[in-house]
Structure formats: C-alpha cells, structure tokens
Amino acid sequence: MYTLLISGLIIFTSAHVASVSLRNSIVNSKPAITVLTIDVPAAAKATVARLYPGAKAVKWEKEDGNYEAGLTHNGKELSLVIDAKGNVLETEMTIAESALPASVRAYVAKHHAGKTIKEAAEIVDAKGRKTYEAAVGGKDLIFDEKGQFIK
C-alpha cells in the first residue's frame, strides 16, 4: 500500500516539475526572429536628414557593405542606398503600375501571362541612370529607362 502511495507521489511530483520546467522554458525563451541593430554612420544619417527633412521612422539595413534607408516621403515609400561617407548610390521609389512604361506592362503580359505586377518602382543610380523594377511572380524584373527588359 505504501509503495503504491509513494509511486503515485513520485509520478505526480515528476509531472509537476516537468510542466513547470516546460513553462519556464517557453516563457523565458528568446523569440525565433531576432532583430539586429546596425551602427549607421553619422554621414549616412545626415544625408537622409538633409534630403528628406522631417522623415520619421527611417529603417536602416546593411546592403552589400553600404546602408539602405527605408522611409516614407510625401506618401511614397522609398529607399536610398548610401555609403559610409554619406554618398547616395541609388534611390528607389515605389510607383503605381500605371506609371511604368507601356513596354514594361506589355513585356509582363507577354512573358508572364496570367500574372500581375505586385509592386513597381523607379530606380535612379548615382549617375542619374533610371531603371524600372516590376515584381512579378516572386521575381524582380528590371527594365531600362525606355522599358526594355534587362534581367
């Protein structure tokens, strides 16, 4: 009789300890996604402040050794790729699909029939060259200033 009672207490205690341990492990665990903060050079921050005064909630990411600032300005989403010295290497602004050259829309209709353009952007590099980007079927298609397919 005592053996049965002691066995029951051992099982109950083990189950309780296991549940408390599991709860503590869940409560005290770190999230699956970790957001890393990056050190952004003052020159890069100053460039954004100078070009887009009053821009709030600028999101910074590293991009190929440079810094990408994501922000909203005058209701449009844009991003700038800036080097450590504060030089703007590229500006990408979200545009309406209708603002893409007609040849871009025609290319998508012909080569990606049945798919829609999910997002469109105008990209200007440091030399002032303009390209267009169309997100179609999970891919970013790039076009030159005249709307001719590049890649």
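The values are calculated or read from the model by the stated rules, or taken from the named source; none is laboratory data. Just so it is clear, the model here is predicted, and its values are computed rather than measured. All Cβ positions, glycine included, derive from the backbone under ideal geometry; neighbour counts span all protein chains shown.
Worth a mention:
- Summed over region 57-82, the residues that are surrounded by fewer than 13 Cβ atoms within 10 Å (Cβ to Cβ), more than 15 Å from the chain's Cα centre (by Cα) and part of a strand (DSSP E or B) give a count of 1.
- Verdict on Lys118 being assigned to a strand (DSSP E or B), modelled with pLDDT of 95 or more, basic (Lys, Arg) and out of contact with any helix residue (DSSP H, G or I) (no Cβ under 8 Å at 6 or more places or on another chain): yes
- Flag not set for Lys85, criterion: farther than 22 Å from Lys130 by Cβ, at pLDDT 90 or above and not in a loop (DSSP other than H, G, I, E, B).
- Test for Ala55: is it at negative phi, at pLDDT below 95 and touching a helix residue (DSSP H, G or I) at 6+ places or on another chain (Cβ under 8 Å): yes
- Tally, over region 97-134, of residues that are exposed (fewer than 15 other Cβ atoms within 10 Å of the Cβ) and within 19 Å of the chain's Cα centre (by Cα): 2
- Qualifying residue in region 95-111 (condition: closer than 28 Å to Tyr67 by Cβ and in a strand (DSSP E or B)): yes
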